[in-house]
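Here the structure comes first, spelled out in structure tokens, and everything after it is commentary.
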Amino acid sequence: PGTACCAVAEITVYDLGGWITMTSLHLSFFPFIFLSPHLSLPCSLPTILSEFLDIWDVNMLRKPDEINKRQHTTHLYATDNLIVRRGQEFQLKVTFDRPYKPSDDQFAVEFVIGGSPQFSKGTYIPVSVASDRQSPWAGRVVESADNVVTVGITPAPDCIVGKWRTYVAVVTPYGIRRTRQDESRDVYILFNPWAAADSVFLDDGNEREECVLNEVGVIYHGAFDDVSERPWNFGQFDYGVLDACLFIMDKAAMPITNRGDPIKVARKASAMLNSRDDDGVLVGSWSGDYTYGVAPTSWTGSTEILLNYSSSKMPVCYAQCWVYAAVFNTFLRCLGIPARVVTNFFSSHDNDGNLKTDIILDENGRIDKQRTKDSIWNYHCWNECYMSRPDLPQGFGGWQAVDATPQETSDGMYRCGPASVQAIKHGQICFPFDAPFVFAEVNSDVVFYSRNPRDGTLEPVKVNSSHVGRMVVTKAPGQDTRRDITDQYKFPEAKSLKGHFPRHRLKITYAEITPPFPAG
């Protein structure tokens, strides 16, 4: 029905943009039909508005000791709002002015995200409790006692991740009775590594505990034969951190509709965590002069960095690879994406994309630093995040390498990944994103060149196939020890040097291959 005839009455039709008061014999149902396509009028209509349900209270059951946060493992977040994980039911209680009658009454719980909500884009979700009128999200009446109805809501396992506004709407022939906007009813919906239908599902309980819920960790640095530890407080549950992570996506102008895809979220964040081309979170510096900021070695946690960025809306100074990786880890874990920091010892930086580390020697057999563009870091840190990869052939999901340290541009921005670790190991570097660059970091040959004195051409004289990617490590789940994951990136390789350069002229050493700075 497009209109309804009734006695003259003044009612309030609440819309998403505010509320409208109308007095008319013919009241338009356009707002209702446009916004709630999954609802319809009751079969038998009372003649006066007061006989329809009136909403007295909506209880989101948002306290840490109540059912929702415990079941969704979100009780650690320091926020008063409800936080749940998609693909899993949560509950809320609606108090009406009288008992709910399923045969006569119709109501829905509506969820809205973004500035221009549309049902077709998944940014406006009306959830009916009627079994014959289901939306993309499931709804049911868990219990109805006196005037209180307990409603179960199950967000779709691929829904948008972010902060949703919540309304309860009752259908009447005069329009919709909808609750006013109330920030205390806003609900954060996160990725769900506990749900098999979610693309970030991780079935290993120990890994999940470590890579989603652990607030502290260890980042490894130093040399492969003398590994040092750097403790870090990720603080993904600290007050304000979740809002700061959502602000990062807002600052990047990331389309709301992309925020349910962990591939797109991780890729966008790898660009936004550095400030090189988008005023992102951290300013990198390897100069040794940190007068106008904090030295990278002075940071011990992510919380201060993220809160500083979200409040000032300005990049934070300064970072090197382990700081980028640590803050990125906080971002991913906070949103529910399993993540860990990994360290690669003797990490190559391939500048020209030829999958080799080219070292040019002078006439004395030493590195020609002016002509050598590639480099090898003592160590370099990046992140791995766990997700399925429906855009790749089967078998290339699981751990994906992502890197926020600004090294090279990818699709015009300083970012890297997500690149399938399995693809890197098997040399399938044609798959997105940035697999060739990560492959070179862990598995490139170091090729030494000398210049032919007759014509000036470069000739390869020696190849070291075992120097790069000597060891890749991460923190072991549930332990304060490191786990060697080198075999996840590469197959075992011979350690012999190949080449025929006269040994009396070859004066290159490993120390010379590696730049004087400690990390990427």
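The values are calculated or read from the model by the stated rules, or taken from the named source; none is laboratory data. The structure displayed is predicted, hence computed values, not measured ones. Cβ coordinates were reconstructed from backbone atoms using ideal geometry, including for glycine residues, and neighbour counts include every protein chain displayed.
So the values come out like this:
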| item | result |
| --- | --- |
| Search result, residues across region 306-321 that are closer than 25 Å to L213 by Cβ and surrounded by fewer than 23 Cβ atoms within 10 Å (Cβ to Cβ) | L307, N308, S310 |
| Within region 147-179, tally of residues that are at pLDDT below 95 and not in a strand (DSSP E or B) | 2 |
| All positions within region 426-436 that are in contact (Cβ under 8 Å) with a residue 12 or more places away in the chain and either closer than 26 Å to D277 by Cβ or assigned to a strand (DSSP E or B) (or both) | I429, F431, P432, F433, D434, A435, P436 |
| Pairs with Cβ under 8 Å, 6+ apart, first in region 292-307 and within 18 Å of A244 (Cα to Cα), second polar (S, T, N, Q) and in a helix (DSSP H, G or I) | S302/N329; S302/T330; T303/T330; L306/T330 |
| Of all residues making up region 116-157, the number that are aliphatic (A, V, I, L, M) and farther than 23 Å from Q71 by Cβ | 1 |
| Any strands (runs of 3 or more DSSP E) falling wholly within region 81-129 and containing at least 1 residues that are under 16 Å from G152 (Cα atoms) and of a type in the set (K, R) | 82-85, 90-96 |
| Strands (runs of 3 or more DSSP E) lying entirely in region 182-281 (those with 3 or more residues that are farther than 16 Å from R333 by Cβ) | 216-223, 226-233 |
| Test: I153 is closer than 29 Å to F331 by Cα, touching a residue at least 12 places away in the same chain (Cβ under 8 Å) and over 22 Å from the mean Cα position of the chain (by Cα) | yes |
| Residue in region 322-336 that is within 29 Å of G398 (Cα to Cα), free of Cβ contacts under 8 Å to residues at least 60 places away in the same chain and either surrounded by 18 or more Cβ atoms within 10 Å (Cβ to Cβ) or of a type outside the set (A, V, I, L, M) (or both) present | yes |
| Region 337-366: number of residues that are buried (at least 22 other Cβ atoms within 10 Å of the Cβ) and of a type outside the set (A, V, I, L, M) | 10 |
| Residue match in region 295-302 (condition: surrounded by fewer than 21 Cβ atoms within 10 Å (Cβ to Cβ) and at pLDDT below 95) | no |
| Test for V151: is it among the aliphatic types (A, V, I, L, M), closer than 15 Å to D54 by Cα and surrounded by 18 or more Cβ atoms within 10 Å (Cβ to Cβ) | no |
| Residue in region 131-147 that is crowded, with 16+ Cβ neighbours inside 10 Å and either free of Cβ contacts under 8 Å to residues at least 24 places away in the same chain or within 23 Å of the chain's Cα centre (by Cα) (or both) present | yes |
| Which listed residue is farther than 16 Å from D186 by Cβ and buried (at least 22 other Cβ atoms within 10 Å of the Cβ), from L53, L82, L76 | L53 |
| Unmet requirement for K490, which otherwise passes all of (1) at pLDDT 50 or above; (2) basic (K, R); (3) touching a strand residue (DSSP E or B) at 6+ places or on another chain (Cβ under 8 Å) | (3) |
| Residue match in region 59-68 (condition: modelled with pLDDT of 50 or more and acidic (D, E)) | yes |
| Filtered residue count, region 158-184, keeping only those that are more than 20 Å from P136 (Cβ to Cβ) and either of a type in the set (S, T, Y) or in contact with a His (Cβ under 9 Å, 6 or more places away or on another chain) (or both) | 4 |
| Any hit, region 338-358, residues being over 20 Å from A440 (Cα atoms) and assigned to a loop (DSSP other than H, G, I, E, B) | yes |
| Single residue of region 448-484 satisfying the filter (of a type in the set (A, V, I, L, M) and either touching a helix residue (DSSP H, G or I) at 6+ places or on another chain (Cβ under 6 Å) or modelled with pLDDT under 95 (or both)) that is surrounded by the most Cβ atoms within 10 Å (Cβ to Cβ) | V472 |
